[in-house]
Amino acid sequence: LAAACWQSEYSESLIEFGFVQGTSSACAFVHSERHIMARVHGDDFTCSGSKPQLDWLEAGLRSKYELTVGGRLGPGPDDAKEISMLNRIVRWTPRGIEYEADPRQVEKLLREIELEGANGAATPGVKVLSRQVETETELPEKEFTRFRALAARANYLAADRIDVLYSAKEVCRFMSKPTDIAMGALKRLARYLRSRPRMVFDFEFQTAEGIECYTDTDWAC
């Protein structure tokens, strides 16, 4: 109820400022006249626009709420070159924007699964052999909660680490009944992260003359 009330509160405020709320996502807002885009997650506002327009928005929000400004990413001498958004790291470079997953999630996963000093692995997963499936056994029930917590952390990290996305999804298939094979797959994923604890996405600045869109025929119109 509190979350719903807060969403209603900030939505009304942004609409009052002239924003249009998104149709597909109620957390997205656009101000067409001031060319500001805003995205809200809980009580975190992430906005893009020119400095004068962001100054205007910040002043408006300060008139209603207590604010803590995390920094403004941009090319100017006074702009931040690295900020944290929902614990993700975003950097401004001469070539473009860099995006990195929360590095603490890998550290926490390795610590909780007790593989901090383990050897790394070259891939996040391996194919399960038929003989392994034949001898697969469920984990002791007391290990269920621990497995689910570890799998959930891996799945959360996978949203920002496409290299482990498939492996994390496969591990999560065993949430209801964890097995020794599933735990082995989770440890394999962790050892891979041990050898590659960080992944940085590099979005270089570019220009485009148009956008090509591909769709299934069901959605063509």
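Can you tell me the relative contact order of the stretch 57-157? Whole percent, Cα pairs under 8 Å, sequence separation 6 or more.
Numbers: 63 pairs, mean separation 15.8, N = 101.
It comes to 16 percent, rounded to a whole number.
Order these peptides, 30-42, 120-132, by their mean beta-carbon neighbour count within 10 angstrom, highest first.
Working: 30-42: 14.8, 120-132: 12.5.
Highest-to-lowest ranking by the protection proxy: 30-42, 120-132.
Given a 1.4 angstrom probe, what's the average accessible area per residue across the chain, in square angstrom? Can you show the working numbers first?
On the way: 14930 Å² over 221 residues.
Accessible area per residue, the chain: 68 Å².
Using a 1.4 Å probe over the heavy atoms of the protein chains, calculate the carbon and sulfur portion of the accessible area of the chain as a whole percent. Let's see the in-between values first.
Working: 7970 of 14930 Å².
Its accessible area is 53 percent carbon and sulfur atoms.
With springs only between Cα atoms under 10 Å, which of ALA101, ALA208, ALA118 fluctuates most in a Gaussian network model of the chain?
Largest GNM mean-square fluctuation: ALA208.
Stretch ALA26-VAL126 to full length: gain in nm at 0.36 nm per residue minus the Cα-Cα span?
Working: separation 100, 0.36 × 100 = 36.00 nm, distance 4.00 nm.
Extra length available between ALA26 and VAL126 comes to 32.0 nm.
List the lysines whose Cα lies under 30 Å from the Cα of LYS81, skipping any in the same chain that are fewer than 8 positions away.
LYS81 reaches LYS51, LYS64, LYS108.
To test your reading of the geometry: what angle, between 0 and 90 degrees and rounded to tens, separates the Cα axis of helix 51-62 from the longest principal axis of the chain?
On a 0 to 90 degree scale, this one is about 80.
So how strong a dipole does the chain carry about its Cα centre when Lys and Arg Cβ are +1 and Asp and Glu Cβ are -1, to the nearest 20 debye? Display every interim value, and only then the final one.
Values: 29 positive and 34 negative charges, 186 e Å.
The calculation lands at about 900 debye.
Please work out the ratio of the alpha-carbon Rg of the stretch 96-221 to 2.2 N^0.38 Å and round it to two decimals.
Ratio of Cα Rg to 2.2 N^0.38 Å: 1.31.
Starting at the first residue of the stretch 14-23, write each ³J(HN,Hα) from the Karplus equation 6.51 cos²θ - 1.76 cosθ + 1.60 with θ = phi - 60°, in whole Hz, x for Gly and Pro.
For the stretch 14-23, the Karplus-derived couplings read 5, 5, 4, 6, x, 7, 10, 7, x, 7 Hz, x marking Gly and Pro.
Checking the cross-link filter: which lysines have an alpha carbon closer than 16 Å to that of LYS127, excluding same-chain neighbours under 8 positions apart?
LYS127 reaches LYS169, LYS187.
Over the chain, what is the relative contact order in percent, taking alpha-carbon pairs closer than 8 angstrom and at least six residues apart?
17
Sort 199-207, 56-64 for me by packing, meaning the mean count of neighbouring Cβ atoms within 10 Å per residue, highest on top.
Values: 199-207: 10.1, 56-64: 14.0.
Ranked from most to least packed, the peptides come out as 56-64, 199-207.
Only helical DSSP H runs with n ≥ 4 go in: add -39500 (n - 2.57) per run for the chain, normalise by residue count and round the 222 nm mean residue ellipticity to 500 deg cm²/dmol. Show your work: numbers first, answer last.
Working: 7 runs with 81 residues, N = 221.
Roughly -11500 deg cm²/dmol at 222 nm, from the helical runs in the chain.
Run the numbers for HIS41 and GLU209: contour at 0.36 nm per residue of separation, minus the present Cα-Cα distance, in nm. Provide the component values of the computation, followed by the final result.
Values: separation 168, 0.36 × 168 = 60.48 nm, distance 3.23 nm.
Difference between extended and current length: 57.3 nm.
Take the stretch 85-153, compute every pairwise Cα distance, and split them into 10 Å bins from 0; I just need the percent in each bin.
P(r) for the stretch 85-153, in whole percents per bin: 14, 29, 35, 14, 7, 1.
Take every Cα-Cα distance within the stretch 1-57, group them into 5 Å bins from 0 onward, and report for each bin the whole-number percent of pairs it holds.
4, 19, 32, 26, 12, 4, 2, 0
The values are calculated or read from the model by the stated rules, or taken from the named source; none is laboratory data. Note that this is a predicted model, so its numbers are computed, not measured. We place every Cβ from the backbone using ideal geometry, glycine too, and count neighbours over all the protein chains shown. Heavy atoms of the whole protein, side chains included, go into the accessibility calculation; ligands, DNA and RNA do not. Shrake-Rupley method; radii C 1.70, N 1.55, O 1.52, S 1.80 Å.
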